[in-house]
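Q: Below you'll find the structure I mean.
The values are calculated or read from the model by the stated rules, or taken from the named source; none is laboratory data. Everything numeric here is computed off the predicted structure, so don't read it as measured data. Reconstructed Cβ throughout: ideal geometry from the backbone, glycine too, with neighbour counts over all protein chains shown. For accessibility, only protein heavy atoms count, side chains too; no ligands or nucleic acids. Shrake-Rupley method; radii C 1.70, N 1.55, O 1.52, S 1.80 Å.
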Amino acid sequence: MSHLTESDRLKIEAWLHQGRSLQQIARQLGKSRTTISREVLKHRQASEKGASGRISNRCIHRLNCDVWHLCSGRRCRRRCSAGKICNHVCPGFHEEICPKLSQPPYVCNGCSDEFKCVLRKQYYITSSAEHEYCQLLIESRNGANLTEAERVVLITYP
């Protein structure tokens, strides 16, 4: 069978959490590395999960920014970059994307920095991947709703 099963997807998620490479996962499942890579990229899910005890400011300028008073009327006594409001209201906001997400394994599952990272995360989650796959199968099987007579006419007179 060439398609990944739900069991395969469960193993992929577990092995990603263990820090295994896509190559190791592919070898264990008897699939190509490209198949596993496409699976992870296609079904990874964005997450707003922050880091415990850290401010989830994802702006690339957060360390050097000295903008104040974007909180519209509140009495603030700190720079806007010291809070997460910057992510939503600052005109100079530019989201920093983790460079690890552009290289294998393309997700935060198993990343050693996951719990201290304030950037937007991406996860491979079996249940989401399986649901998306099932939806794709359902949609691909929907076709023209023809009666037998209409089908015969189409075959006879193409």
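Q: Which of the residues belonging to region 115-158 are in contact with a helix residue (DSSP H, G or I) (Cβ under 8 Å, 6 or more places away or on another chain), within 30 Å of Ala51 (Cα to Cα) and not acidic (Asp, Glu)?
A: Passing the criteria: Gln122, Tyr124, Ile125, Thr126, Ser128, Ala129.
Q: Here is a follow-up. Out of the residues in region 20-75 that are touching a Cys at 6+ places or on another chain (Cβ under 8 Å) and small (Gly, Ala, Ser), which is nearest to Val107 (Cα to Cα)?
A: Initially, region 20-75 is screened for residues touching a Cys at 6+ places or on another chain (Cβ under 8 Å), giving 47, 51, 57, 59, 62, 65, 67-71.
Those left that are additionally small (Gly, Ala, Ser): 47, 51.
On the way: Ser47: 11, Ala51: 16 Å.
Within region 20-75, the match that is nearest to Val107 (Cα to Cα) is Ser47.
Q: Pairs needed: first member in region 119-146, within 15 Å of Lys42 (Cα to Cα) and hydroxyl-bearing (Ser, Thr, Tyr); second member anywhere, assigned to a strand (DSSP E or B) and open to solvent by less than 80 Å² (accessible area, probe 1.4 Å); C-beta distance under 8 Å; at least 6 residues apart or different chains.
A: Tyr123/Arg44; Tyr123/Gln45; Tyr123/Ser47; Tyr124/Arg44; Tyr124/Gln45; Ser128/Gln45
Q: Still on this structure, please answer the following. For Thr5, which of the numbered conditions (1) surrounded by fewer than 19 Cβ atoms within 10 Å (Cβ to Cβ); (2) in contact with a helix residue (DSSP H, G or I) (Cβ under 8 Å, 6 or more places away or on another chain); (3) more than 23 Å from Ser112 (Cβ to Cβ) fails to hold?
A: The number of the failed condition is (2).
Q: Would you please name the residue that is least open to solvent (accessible area, probe 1.4 Å), looking only at residues in region 22-51 that are touching a Phe, Trp or Tyr at 6+ places or on another chain (Cβ under 9 Å) and assigned to a loop (DSSP other than H, G, I, E, B)?
A: Going through the qualifying residues, I end up with Ala51.
Q: Here's a follow-up. Which of the residues belonging to region 97-131 are of a type outside the set (S, T, N, Q), in a helix (DSSP H, G or I) and surrounded by 16 or more Cβ atoms within 10 Å (Cβ to Cβ)?
A: If we filter region 97-131 for residues that are of a type outside the set (S, T, N, Q), which is where we start, we get 97-101, 104-108, 110-111, 113-121, 123-125, 129-131.
Going one step further and asking which of them are in a helix (DSSP H, G or I), we end up with 99-101, 129-131.
Hits for region 97-131 are Lys100, Leu101, Ala129, Glu130.
Q: Another one. I want to confirm something. Restricting to region 93-114 and keeping residues that are under 14 Å from the mean Cα position of the chain (by Cα) and hydroxyl-bearing (Ser, Thr, Tyr), which single residue is nearest to Gly50 (Cα to Cα)?
A: Result: Tyr106.
Q: Any residue at all in region 80-87 that is modelled with pLDDT under 80, open to solvent by 40 Å² or more (accessible area, probe 1.4 Å) and not charged (D, E, K, R)?
A: Checked region 80-87: at least one residue is modelled with pLDDT under 80, open to solvent by 40 Å² or more (accessible area, probe 1.4 Å) and not charged (D, E, K, R).
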